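Undergrad: Structure incoming, see below.
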């Protein structure tokens, strides 16, 4: 069997709607999180009848103008589109550098005017995906950690907008901030081994090395997933797909992939597929996405432990 999984294609409009409505991954952390009512108002407007037909082409044009393939830039492009096309907002600045004595102190992700109350707002955004290692959450590439990211946003990224230097930069543009908001949607992935040890079906989001994934995927407890419909319980109508980064946002829908008539429940994958690092995969049935996980190289867990120790 081929080592390559079929690769899903992103639905940019569904990603856009998911981004607008997704919850923050650490709402208990003390940041000025955007109120749910504000988030809901954005999502409801762009989910209205006829809006997709009117705006989807413009969204695709806006995305094509970008040259970067970084997921964070893609995320910012989606938000820039929201601020540009929602009647409650005017985009005043994007990625505004704050410099002093030739040194860049930071950037303000977005500065917008919220017309319902005529307030000028600084929005600091991040799209994050973390895998659990003991009591910590680390990025798949081991270059990022949830607690460090949250603290940096709290101690640096938000306060810099309120500094005298930033006030001068903004004032030169005729801008004075009234408030700030933070957003950090994403997903948290728990180790598949912890579910395998107790014999329970895994949660929707997990991570595993290939040995753990292949062993547990052959158990009957894994084939009839806990949220499968009876028609899916044998796994014969579901298939596994590899998700490139633009597919990490919205749930994968069967309309965006071509389901084979008899897809394996536990695809045979070799370590060579993970030569460049972890990959995101999902299982899709005719009813939609059933499960999502990160497959990691055999040495990933050991390197993750070393990484967390180095930053403790």
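Undergrad: Which one is modelled with the highest pLDDT among residues in segment 234-248 that are farther than 17 Å from residue 204 by Cβ and part of a loop (DSSP other than H, G, I, E, B)?
TA: 244
Undergrad: I'd like the residue in segment 145-178 that is under 30 Å from residue 295 (Cα atoms) and out of contact with any strand residue (DSSP E or B) (no Cβ under 7 Å at 6 or more places or on another chain) and, out of all such residues, is surrounded by the most Cβ atoms within 10 Å (Cβ to Cβ).
TA: Selected residue: 150.
Undergrad: Right, next: Please specify each residue of segment 40-54 satisfying the condition of being part of a helix (DSSP H, G or I) and without any contact (Cβ under 8 Å) to a residue 24 or more places away in the chain.
TA: Hits for segment 40-54 are 40, 44, 51, 53, 54.
Undergrad: Next up: Mind checking which pairs have a first residue in segment 144-162 that is over 16 Å from residue 109 (Cα atoms) and a second that is in a helix (DSSP H, G or I), Cβ under 9 Å, 6 or more apart or different chains?
TA: Pairs found: 145/307; 145/308.
Undergrad: Can you go through 251, 224 and tell me which one is in a loop (DSSP other than H, G, I, E, B), modelled with pLDDT of 80 or more and out of contact with any helix residue (DSSP H, G or I) (no Cβ under 7 Å at 6 or more places or on another chain)?
TA: Among 251, 224, only 251 is in a loop (DSSP other than H, G, I, E, B), modelled with pLDDT of 80 or more and out of contact with any helix residue (DSSP H, G or I) (no Cβ under 7 Å at 6 or more places or on another chain).
Undergrad: Would you check if residue 60 is touching a residue at least 60 places away in the same chain (Cβ under 8 Å) and either surrounded by fewer than 16 Cβ atoms within 10 Å (Cβ to Cβ) or closer than 28 Å to residue 163 by Cβ (or both)? I'd like the intermediate steps shown before the answer.
TA: Working: touching a residue at least 60 places away in the same chain (Cβ under 8 Å): no; either surrounded by fewer than 16 Cβ atoms within 10 Å (Cβ to Cβ) or closer than 28 Å to residue 163 by Cβ (or both): yes.
Spelling it out, it is not the case that residue 60 is touching a residue at least 60 places away in the same chain (Cβ under 8 Å) and either surrounded by fewer than 16 Cβ atoms within 10 Å (Cβ to Cβ) or closer than 28 Å to residue 163 by Cβ (or both).
Undergrad: Would a scan of segment 93-105 turn up a residue that is buried (at least 19 other Cβ atoms within 10 Å of the Cβ) and in a strand (DSSP E or B)?
TA: Within segment 93-105 (the criterion being buried (at least 19 other Cβ atoms within 10 Å of the Cβ) and in a strand (DSSP E or B)), the answer is yes, since at least one residue qualifies.
Undergrad: Could I ask something else about it? Considering only segment 254-295, state which residues are part of a helix (DSSP H, G or I), at pLDDT below 85 and closer than 28 Å to residue 138 by Cα. Step through it out loud before you land on a result.
TA: Going residue by residue through segment 254-295, those that are part of a helix (DSSP H, G or I) are 254-256, 271-274.
Filter again for at pLDDT below 85, leaving 254-256, 271-273.
271, 272, 273 - these are the residues of segment 254-295 that are part of a helix (DSSP H, G or I), at pLDDT below 85 and closer than 28 Å to residue 138 by Cα.
Undergrad: I've got another one for you. Tell me, which strands (runs of 3 or more DSSP E) lie completely within segment 128-184 with 2 or more residues that are under 27 Å from residue 38 (Cβ atoms) and modelled with pLDDT of 95 or more?
TA: Correct list: 128-133, 179-183.
The values are calculated or read from the model by the stated rules, or taken from the named source; none is laboratory data. Keep in mind the model is a prediction, meaning the values are calculated, not measured. Positions of Cβ are generated from backbone atoms using ideal geometry, with glycine treated the same way; all protein chains shown enter the neighbour counts.
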